[in-house]
Amino acid sequence: MSKIEPDCMLQVPIFLDNDFEVDDDGISYVISSVFIGDEEEPTEVRVRLDDVVESIIDFYGDIEGYRHLYVVSHELSRAAEILREKAGLIEDSISAVNDLFNLSDE
């Protein structure tokens, strides 16, 4: 009689594409699109940003984890500044082109 082992290994190539979305109600989502193998259509995973933050607080919100909360908050602030700077550069360049060619803001 053969013995059936529960261990097995399945290797599947995946590709992740991550995005961030804010809906019409102002709710922010972290969106991960998971492409499995050669599939053209991804499986989408949507997680509210508030849920991610609450999860981090729950996991690290004690005397031993508070430093990690500072690190995460610093990185989110740094990312926010990078995004603001890039948006400002784009806005300024659009305004400069409009002014140069006397285009309307529409």
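What the table shows:
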| read-out | value |
| --- | --- |
| Which numbered condition Val45 fails, given (1) among the hydrophobic types (A, V, I, L, M, F, W, C); (2) over 16 Å from the mean Cα position of the chain (by Cα); (3) not in a helix (DSSP H, G or I) | (2) |
| Residue count, segment 11-42 (criterion: of a type in the set (D, E, K, R) and under 27 Å from Glu54 (Cβ atoms)) | 6 |
| Test for Ser73: is it under 21 Å from Ile27 (Cβ atoms), among the hydroxyl-bearing types (Ser, Thr, Tyr) and either in contact with a helix residue (DSSP H, G or I) (Cβ under 7 Å, 6 or more places away or on another chain) or part of a helix (DSSP H, G or I) (or both) | yes |
| From Gly65, Gly26, residue being small (Gly, Ala, Ser) and on the phi > 0 side of the Ramachandran plot | Gly26 |
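Coordinate-derived values only; no laboratory data. All values derive from a computational prediction rather than experimental measurement. Please note: Cβ atoms are built from the backbone with ideal geometry, for glycine as well, and neighbour counts cover all protein chains shown.
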